[in-house]
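Written out below as structure tokens is the structure these notes cover.
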Amino acid sequence: EVSVIPVLSRKKRNLLGLVVVMHDITKLKKLEHMRKDFVANVSHELRTPITSIKGFAETLLDGAKNDPESLDMFLNIMLDESNRIQSLVQDLLDLSKIEQNDEIPKEPISLTEIAEHSINTVSTVATKKDIELVNKIDQNVVSLGDKDKMTQVMINLLSNAISYSPRSSQIILTVKDVGDGQIISVQDNGIGISEDEQKRIFERFYRVDKARSRDSGGTGLGLSITKHIIEAHNGQIKVESEVGQGSHFIVKLFNE
Ligand code: ADP
């Protein structure tokens, strides 16, 4: 946006020149665009399961409820779709809380304990796919941070690794102290992520394969939440990956 302001001489009101002011609104425009995209995405993500629940409820009321097999199947779909809405709302709440309050109250936390707890939490899902969770967690690795949020980071990364890995593969969780900070890393032998997509996966709602992500219960918000949490902890997250070979997510937390 450009404004042109005339400069006049005091007495004769002659035009001495023009001052051209250029406002940089590209940043504002970009933010506004992102906000609109976000609202559109949220609406779409909510509308899909709601439409499905409504459809199945109507079909049941129209008579399908009299067939026990349909009744059971439709109710199960409705339950799955309700769970999807619940996870989406939970993720949105988490995201908005983190964004509002960028400073996370920090206290000494044991990354070793958090990692062990996180492995236990995801172990049943891993076992269902016959995936081995390899524990490379060093003892007594301590950092400053928020225990619940760091647990969420580890569970997000492990759950993704499980979702995007084939049956009977391996996932390695490493936690170690590296002198100037701590490293948490999750390495899988799954489908991998292309270089172009690696740049985008931390964006809200970005998924490489929407259908696959939905099938595994994903909302497309997990990595965005993870990145926010890590940055609020004065840390960094990066991914190294090759399509068909696997992915390696590496978090580094820095000592104050
Ligand atoms: P989702 O809920 O879809 O898993 P995330 O924000 O956690 O959302 O991840 C965004 C996208 O990044 C996923 O949809 C998937 O395409 C890709 N992704 C994340 N983790 C992995 C992984 N370990 N291997 C391959 N792709 C992954």
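The values are calculated or read from the model by the stated rules, or taken from the named source; none is laboratory data. All of these numbers come straight from a predicted model, not from anything done at the bench. FYI the Cβ positions are ideal-geometry reconstructions off the backbone, even for glycines, and counts take in every protein chain you see.
Which ones in region 196-221 are under 26 Å from VAL134 (Cα atoms) and of a type in the set (Asp, Glu)?
ASP215 - this is the single residue of region 196-221 that is under 26 Å from VAL134 (Cα atoms) and of a type in the set (Asp, Glu).
Please find, among ILE131, ILE137, the residue that is within 15 Å of the ligand (Cβ to nearest atom) and touching an Asp or Glu at 6+ places or on another chain (Cβ under 9 Å).
On the way: ILE137 fails: within 15 Å of the ligand (Cβ to nearest atom).
Going through ILE131, ILE137 in turn, just one is within 15 Å of the ligand (Cβ to nearest atom) and touching an Asp or Glu at 6+ places or on another chain (Cβ under 9 Å): ILE131.
Check LYS149, LYS199, LYS227 and return the single one that is in contact with a His (Cβ under 9 Å, 6 or more places away or on another chain) and within 30 Å of ARG47 (Cα to Cα). Spell out the reasoning first.
Values: LYS199 fails: in contact with a His (Cβ under 9 Å, 6 or more places away or on another chain); LYS227 fails: in contact with a His (Cβ under 9 Å, 6 or more places away or on another chain).
On inspection, the qualifying residue turns out to be LYS149.
Being surrounded by 10 or more Cβ atoms within 10 Å (Cβ to Cβ), touching a helix residue (DSSP H, G or I) at 6+ places or on another chain (Cβ under 8 Å) and over 30 Å from GLY181 (Cα atoms) narrows it down to one of ILE109, ILE25, ILE98, ILE77, so name that one. Steps first, answer last, please.
Details: ILE109 fails: over 30 Å from GLY181 (Cα atoms); ILE25 fails: touching a helix residue (DSSP H, G or I) at 6+ places or on another chain (Cβ under 8 Å); ILE98 fails: over 30 Å from GLY181 (Cα atoms).
Residue meeting the stated conditions: ILE77.
Which is within 17 Å of SER118 (Cβ to Cβ), under 15 Å from the mean Cα position of the chain (by Cα) and not acidic (Asp, Glu), of GLY222, GLY235, GLY218? Can you show your working first?
Working: GLY235 fails: under 15 Å from the mean Cα position of the chain (by Cα); GLY218 fails: within 17 Å of SER118 (Cβ to Cβ).
Answer to the selection: GLY222.
Name every residue in region 161-188 that is within 10 Å of the ligand (Cβ to nearest atom), more than 17 Å from ILE237 (Cα to Cα) and in contact with a strand residue (DSSP E or B) (Cβ under 6 Å, 6 or more places away or on another chain), in order of residue number. If you could, list the steps in order and put the result at the bottom.
Taking region 161-188 first, the residues within 10 Å of the ligand (Cβ to nearest atom) are 161-165, 171, 186-188.
After this cut, where a residue has to be more than 17 Å from ILE237 (Cα to Cα) as well, the list is 162-165, 171.
Those that are within 10 Å of the ligand (Cβ to nearest atom), more than 17 Å from ILE237 (Cα to Cα) and in contact with a strand residue (DSSP E or B) (Cβ under 6 Å, 6 or more places away or on another chain): SER165, ILE171.
Could you tell me which residue of region 147-160 is surrounded by the fewest Cβ atoms within 10 Å (Cβ to Cβ), considering only residues that are more than 15 Å from the ligand (Cβ to nearest atom) and not β-branched (Val, Ile, Thr)?
Kept after step one, since they are more than 15 Å from the ligand (Cβ to nearest atom), are these residues of region 147-160: 147-151.
When the remaining residues are screened for being not β-branched (Val, Ile, Thr), the result is 147-150.
Details: LYS147: 15, ASP148: 10, LYS149: 22, MET150: 25.
Only one residue tops the list, namely ASP148.
Could you please give the count of residues in region 208-228 that are under 20 Å from VAL122 (Cβ atoms) and in a loop (DSSP other than H, G, I, E, B)? Please lay out each step first, then the result.
In the first step, residues of region 208-228 are kept if they are under 20 Å from VAL122 (Cβ atoms); the result is 212-227.
Next, from what is left, pick out any that are in a loop (DSSP other than H, G, I, E, B): 216-221.
Qualifying residue count for the region: 6.
Okay, residues lined up against (1) modelled with pLDDT under 95; (2) on the phi < 0 side of the Ramachandran plot:
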residue: PHE205; (1), (2): yes, no
residue: VAL208; (1), (2): yes, yes
residue: ARG214; (1), (2): yes, yes
residue: HIS248; (1), (2): no, yes
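Pairs needed: first member in region 98-110, assigned to a helix (DSSP H, G or I); second member anywhere, surrounded by 12 or more Cβ atoms within 10 Å (Cβ to Cβ); C-beta distance under 7 Å; at least 6 residues apart or different chains.
Close Cβ pairs (under 7 Å, with a partner that is surrounded by 12 or more Cβ atoms within 10 Å (Cβ to Cβ)) amount to ILE98/ILE225; ILE98/HIS228; ILE98/ILE229; ILE98/ALA232; GLU99/HIS228.
Which of (1) free of Cβ contacts under 8 Å to residues at least 12 places away in the same chain; (2) more than 14 Å from PHE205 (Cα to Cα); (3) surrounded by fewer than 15 Cβ atoms within 10 Å (Cβ to Cβ); (4) of a type in the set (Ser, Thr, Tyr) does SER70 not meet, given it meets every other one?
Every listed condition holds for SER70 apart from (3).
One line per residue, one yes/no per condition, for (1) out of contact with any strand residue (DSSP E or B) (no Cβ under 6 Å at 6 or more places or on another chain); (2) not in a helix (DSSP H, G or I):
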position	(1), (2)
VAL4	no, yes
LYS11	yes, yes
LEU16	no, yes
VAL19	no, yes
LYS29	yes, no
GLU32	yes, no
ASP37	yes, no
ALA40	yes, no
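Identify the single condition in (1) of a type outside the set (Ser, Thr, Tyr); (2) surrounded by 13 or more Cβ atoms within 10 Å (Cβ to Cβ); (3) within 16 Å of the ligand (Cβ to nearest atom); (4) over 18 Å from HIS248 (Cβ atoms) that LEU144 does not satisfy, given that it satisfies every other one.
Here LEU144 meets the rest and fails (3).
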